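Heads up: the structure comes next, in structure tokens.
What follows is calculated from the coordinates using simple rules that are stated; it is not laboratory data. Just so it is clear, the model here is predicted, and its values are computed rather than measured. Note that we place each Cβ from the backbone using ideal geometry, even for glycine, and neighbour counts take in every protein chain shown.
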Amino acid sequence: MTPELEKYWHAVQNTVCKVCIDSDPYGDGICRISEMSMCGVKEYFPKIVNIVLRIKSDNMNDYIIALRENICKECRETPDGVCELRNSVECALDRYFPLIVQAMESVK
């Protein structure tokens, strides 16, 4: 990871990973997701950074639209815009995206 990505990753870990339902029960932010099924936040982190740095808005919906257009379409979303992970609240990226944006904005 580049130094710029590292600083954003640390902000996300300190804010999001500590409250994630997939982290350790002690609140340390240690991910319990197996290597076989990588966390969407970690997997798409460089693209997440690009989205957050590119969007300049006070409206979270602008960030969410960019997320859907740039990441969801290549992940598991069907051509008609349906994502079973998102619909069942199993997508960490979707679940914590506002916190991710907030954590990254605090670094800027």
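Observations on the model:
- Ascending count of other beta-carbon atoms within 10 Å, so fewest first, for 88, 23: 88, 23
- Top of 44, 96, 26 by mean-square fluctuation, Gaussian network on the chain, Cα under 10 Å: 26
- Relative exposure of 63, 8, judged by other C-beta atoms within 10 Å (fewest first): 63, 8
- Taken about its Cα centre, segment 3-107 carries a charge dipole of about 140 debye when Lys and Arg each add +1 at the Cβ and Asp and Glu each add -1 at the Cβ.
- Helical runs (DSSP H, four residues minimum) scored at -39500 (n - 2.57) apiece and divided by the length of the chain put the mean residue ellipticity at 222 nm at -14500 deg cm²/dmol.
- Structure-derived Rg/Rh (Cα atoms, Kirkwood Rh): which label, when the choices are (1) 0.95; (2) 1.05; (3) 1.08: (1)
- Farthest toward positive dipole pole in segment 32-108 [+1 Lys/Arg, -1 Asp/Glu at C-beta], among 45, 55, 107: 107
- Computed label-point distance, nm, for sites residue 75 and residue 6 using a 7 Å Cα→Cβ extension: 2.7 nm
- Reach of residue 7 by Cα under 19 Å, taken over lysines that are not fewer than 8 positions away in the same chain: 18, 42, 47, 108
- Relative contact order of segment 8-83, defined on C-alpha pairs under 8 angstrom at six or more residues apart (%): 16 percent
- Linear extension gain, residue 82 paired with residue 105, 0.36 nm per residue minus alpha-carbon span: 5.4 nm
- Selection of trypsin sites (Lys or Arg not before Pro), segment 1-85, meeting DSSP coil and at most 16 other Cβ within 10 Å: 18, 32, 56, 76
- Residue separation of residue 60 and residue 42 scaled by 0.36 nm, minus their Cα-Cα distance, works out to 4.4 nm of gained length.
- Fully extended contour minus Cα-Cα distance, from residue 68 to residue 24, at 0.36 nm per residue: 13.0 nm
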